[in-house]
Amino acid sequence: MFRAHGRRWTWREFSDLVDQCAAGLLALGLKQGDRVGIWSPNRPEWLLAQFATARVGIILVNINPAYRRAELEYALNKVGCRVLITASRFKTSDYLQMLRDLAPELPTATPGRLKAARLPHLETVIQLGTEPVGGTMAFTELMETGAGASAARLDAISDALGPDEDVNIQFTSGTTGAPKGATLSHRNIVNNGHFIGRAMEL
């Protein structure tokens, strides 16, 4: 449940939405091992993106919501993100303007076909919210693209994944230098959740 957004899902609804999101990412041409960045405060779409990428072997890259231009550029290029899912803004940070500063090619790009000199790996910017700006794709459009996905196709991809494969990259704070990307496996994520739950006596 996301109280701030008025969103509540059953487990079945959540599973269906995850499959829809995963199919939408595959429709963009992504494949196992590709990296999708997410730059946003807590939102329902973040949860969908984490489970959807894990479902099909794509690696989700968590980008600190407090990052500025230089840190964003470093993170996206360091791990080679092909897709960035981003909020429009957070507090005083105008995410879209920072992106346009780094990629002035964005406003006139065809969504999904960005070619930016400073962000050479980035092809698609997916904007959270209802009013996407030029060059971006709305998250709702991504979900619509994945509607009616074949569960069997997704199951076949999931069945081929192992617990020790990469699923997530998290950047350290970089207090003694540039941020370092820590890569986590499916097993890492599950064990972390398990032991946190035990420690909190959930």
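The values are calculated or read from the model by the stated rules, or taken from the named source; none is laboratory data. These numbers come from a predicted model, not from an experiment. Neighbour counts are summed over all protein chains in view; Cβ atoms, including those assigned to glycine, are modelled from backbone coordinates with ideal geometry. Note: accessible area is taken over every heavy atom of the protein model, side chains too, but ligands, DNA and RNA are not part of it. Shrake-Rupley method; radii C 1.70, N 1.55, O 1.52, S 1.80 Å.
Using a 1.4 angstrom probe, figure out how much accessible area region 46-191 has per residue, in square angstrom, rounded to the nearest whole.
49 Å²
Can you tell me the Rg and the Dmax, both Å, for the Cα atoms in region 76-158?
Radius of gyration, then largest Cα-Cα span, for region 76-158: 14.3, 44 Å.
Separation of region 113-180 and region 8-31 by C-alpha centroid, Å?
Measuring centre to centre over Cα atoms gives 12 Å.
Looking at region 52-202, what % of its DSSP beta bridges pair antiparallel, to the nearest 5?
Of the beta bridges lying entirely in region 52-202, close to 45 percent run antiparallel.
Subtract the Cα-Cα distance of residue 202 and residue 140 from 0.36 nm times their separation in residues, and report this length gain in nm to one decimal.
19.0 nm
Can you check how the C-alpha radius of gyration of region 142-202 compares to 2.2 N^0.38 Å, as a plain ratio?
So region 142-202 has a normalised radius of gyration of 1.59.
Work out, in µm²/s and without decimals, the Stokes-Einstein translational diffusion coefficient of region 114-173 at 4 °C, 1.567 mPa s, Rh from Kirkwood over C-alpha pairs.
It diffuses with D of about 87 µm²/s by this estimate.
Leaving out same-chain residues fewer than 8 places away, which lysines sit with a Cα under 17 Å from that of residue 180?
Answer for residue 180, where 17 Å is the Cα cut-off: 78, listed by chain and number.
For the chain, state the semi-axes of the equivalent ellipsoid (square roots of 5 times the eigenvalues of the alpha-carbon gyration tensor), sorted largest first and rounded to whole angstrom.
25, 21, 18
Taking the mean number of other Cβ atoms within 10 Å as a proxy for protection, how do you rank 179-185, 20-26 from highest to lowest?
Packing proxy ranking, top to bottom: 20-26, 179-185.
Relative contact order for the chain: what percent, with Cα pairs under 8 Å and sequence separation of 6 or more?
Relative contact order comes out at 22 percent.
With all protein chains present, how much of the accessible area of the chain (probe radius 1.4 Å) comes from carbon and sulfur, to the nearest whole percent?
Here it works out to 52 percent.
Starting at the first residue of region 12-20, write each ³J(HN,Hα) from the Karplus equation 6.51 cos²θ - 1.76 cosθ + 1.60 with θ = phi - 60°, in whole Hz, x for Gly and Pro.
Computed from phi, the couplings for region 12-20 are 5, 4, 4, 4, 5, 5, 4, 4, 5 Hz.
In whole Hz, with x marking every Gly and Pro, tabulate ³J(HN,Hα) for region 85-95 from phi via Karplus 6.51 cos²θ - 1.76 cosθ + 1.60, θ = phi - 60°.
Whole-Hz 3J(HN,Hα) from phi for region 85-95: 9, 9, 6, 6, 7, 8, 6, 8, 8, 8, 4.
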